[in-house]
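These notes are about the structure you will find just below.
Any read-out appearing in this document is the output of simple, stated calculations on the displayed coordinates, not a laboratory observation. Keep in mind that what you see is a predicted model, and the values were worked out from it rather than measured. All Cβ positions, even for glycine, are placed from backbone atoms using ideal geometry, and neighbour counts span all protein chains on display.
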Amino acid sequence: MAHAIGVNLLILTASSQSEIDAAFATLIREQAGALLTNSESLFMVHSNHLAALTARHRMPAPYAYRWPYEL
């Protein structure tokens, strides 16, 4: 669907903070327009780190939960 509307998806995986950093570096290098994550606990645990990265690089990033988390 994304390709049909002219959007390129870059799908990356991470299972640790160092892999999050590496994936984010790829997003920057590829000039991604936004960061989308799922609601896995890894991203919740590292939410402050992700928020800092997206703020520093001025990258839009919607999240599954508000802070403090709405569980």
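Pull out the extension gain between M44 and A22, defined as 0.36 nm times the separation in residues minus the alpha carbon to alpha carbon distance; nm, one decimal.
Roughly 6.1 nm would be gained on extension.
List the GluC sites (Glu not before Pro) within the range 1-49 that DSSP assigns to loop and that have no more than 12 neighbouring Cβ atoms inside 10 Å.
E30, E40
Which value results for Rg/Rh of the range 13-64 when Rg is the Cα radius of gyration and Rh the Kirkwood radius based on the inverse mean 1/r?
That ratio is 0.91, to two decimals.
Explain nothing, just compute: Karplus ³J(HN,Hα) = 6.51 cos²θ - 1.76 cosθ + 1.60, θ = phi - 60°, for every residue of the range 35-49 in order, whole Hz, x for Gly and Pro.
10, 10, 10, 8, 9, 4, 4, 4, 6, 6, 4, 9, 4, 5, 5
Note down the magnitude of the dipole of the chain about its Cα centre, charges +1 on Lys and Arg C-beta and -1 on Asp and Glu C-beta and zero elsewhere, to the nearest 20 debye.
Dipole magnitude for the chain comes out near 240 debye.
Percent relative contact order of the chain, based on C-alpha pairs within less than 8 angstrom and at least six residues apart?
Relative contact order here is 28 percent.
So which trypsin sites (Lys or Arg not before Pro) in the chain pass both tests, a DSSP loop state and at most 11 other Cβ atoms within 10 Å of the Cβ?
R58, R66
Run the helix sum for the chain: -39,500 (n - 2.57) per DSSP H stretch of 4+ residues, divided by residue count, reported at 222 nm to the nearest 500 deg cm²/dmol.
Roughly -11500 deg cm²/dmol at 222 nm, from the helical runs in the chain.
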